[in-house]
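The values are calculated or read from the model by the stated rules, or taken from the named source; none is laboratory data. This structure is a prediction, so every number in the text was calculated from the model and none was measured. Because the Cβ atoms are built from the backbone with ideal geometry, glycine has one as well, and the counts that use them run over all protein chains shown.
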Amino acid sequence: MNTVIDTTDRRIIAVTQGGLPLTPRPYAIIAAQLGLDANDVMTRMQRMLDSGAIRRIGAVPNHYALGFKGNGMSVWDVPDDAIKEAGQTIGALDFVSHCYHRPRHPPTWPYNLFAMVHGRDRAEVDEKVRHIAAILGAKNRGHEVLFSTRILKKTGLRIVG
Amino acid sequence: MDTRDATIINQLQGGFPITERPYAEVAKTLAITEKELIERLENLLAEGLLSRFGPLYHAERLGGGLTLAALHVPDEGFDRVAEQVNHFPEVAHNYQREHHLNMWFVLATETAERIDEVLTEIEQKTGCRVYNVPKIEEFFVGLRFEL
């Protein structure tokens, strides 16, 4: 589902996707930059928040810098008719930051459930992955954990412009 | 970073108000001044403990395309392929991972149609088969950090 956004919304997105101004009246600053009225900017951002075009507004932690160095992409082969329940259960765990149903590419890639697991080190991630395996029980037909060894690029999503 | 910074990170991962003086409002709930909150956020950003402070947009809801894709890249050509893939401005993140599929990248495009075009270009440029794994369903996205 796409939200209806107009060119003014897109201009607001372009100047805020990197962050909000750290000044007492951030929305007034954005409005001044774009030649808009502060109330118009706030109304538009509230509308985007209500419609889900903005997921949330706040602090985006850098988990590496905060000591969560063991990030593992756990991937699972779950029967298709069990994926919804499995995804909802695993996605609700507090150490899982992202949980998706994604397509398989057999035979190279048999996995259809992705759960990003965070821990302070690999041992902690491995322990949490065992916890997921215990929850899935017989619905887990195979899994792996892919640890990242290097960040090759990280610019963040540039949605507009 | 002290306990007050940890509280800020824990409590401010969402819900920042859209009002005239939002920092003042949040500062009040933390029993600190507006000025102190702004300074602490500046420091957390400068030290890299926060990668950003502001709205997190939902690319697909804005009409854009988003996907995760993987390649198997032979060791000897790895850095060259990384450079070729990173060269595309649509590649937002790219990670080396320990697996036969050893390069994983996130693609964000301004239109949904552009995803397939870029993936084809990446295949042609790198000579590596692209395994595209766009999300079929999202169960959870968010970070629930408790420091």
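Observations, loosely collected:
- A:Gln88 meets each of the listed conditions (1) without any contact (Cβ under 8 Å) to a residue 40 or more places away in the chain; (2) crowded, with 19+ Cβ neighbours inside 10 Å; (3) of a type outside the set (Val, Ile, Thr); (4) at the interface with chain B (Cβ under 7 Å from one of its Cβ atoms) apart from (2).
- Hey, B:His99 crowded, with 17+ Cβ neighbours inside 10 Å, within 7 Å of another protein chain (Cβ to nearest Cβ) and under 30 Å from A:Val4 (Cβ atoms) or not: no
- When we screen A:Asp121, A:Asp94, A:Asp77 for residues that are of a type in the set (D, E, K, R) and surrounded by 14 or more Cβ atoms within 10 Å (Cβ to Cβ), the only hit is A:Asp77.
- Near pairs, Cβ below 6 angstrom, 6+ apart or cross-chain, from the range A:50-62 (within 7 Å of chain B (Cβ to nearest Cβ)) to any residue that is at pLDDT 95 or above and in a loop (DSSP other than H, G, I, E, B): A:Ile57/B:Phe16; A:Gly58/B:Phe16
- The range A:31-50, subset among the acidic types (Asp, Glu) and assigned to a helix (DSSP H, G or I), residue surrounded by the most Cβ atoms within 10 Å (Cβ to Cβ): A:Asp40
- Screening B:Ala69, B:Ala82, B:Ala92 for residues that are within 21 Å of B:Ile136 (Cα to Cα) and facing another protein chain (nearest Cβ under 7 Å) leaves exactly one candidate, B:Ala92.
- Members of the range A:51-73 found to be under 15 Å from the mean Cα position of the chain (by Cα), crowded, with 21+ Cβ neighbours inside 10 Å and either assigned to a loop (DSSP other than H, G, I, E, B) or among the hydroxyl-bearing types (Ser, Thr, Tyr) (or both), listed by number: A:Ala53
- Matching strands (runs of 3 or more DSSP E) fully within the range B:43-147 where at least 1 residues are touching a His at 6+ places or on another chain (Cβ under 9 Å), within 29 Å of A:Ala14 (Cα to Cα) and in contact (Cβ under 8 Å) with a residue 40 or more places away in the chain: B:65-71, B:103-109, B:130-132
- Hey, A:Tyr111 under 29 Å from A:Ile54 (Cβ atoms) and surrounded by 13 or more Cβ atoms within 10 Å (Cβ to Cβ) or not: no
- A count restricted to the range A:91-106 and to residues that are part of a strand (DSSP E or B) and either more than 7 Å from chain B (Cβ to nearest Cβ) or of a type outside the set (A, V, I, L, M, F, W, C) (or both) stands at 5.
- Among the residues here, A:Ser97 does not qualify as polar (S, T, N, Q) and modelled with pLDDT of 95 or more.
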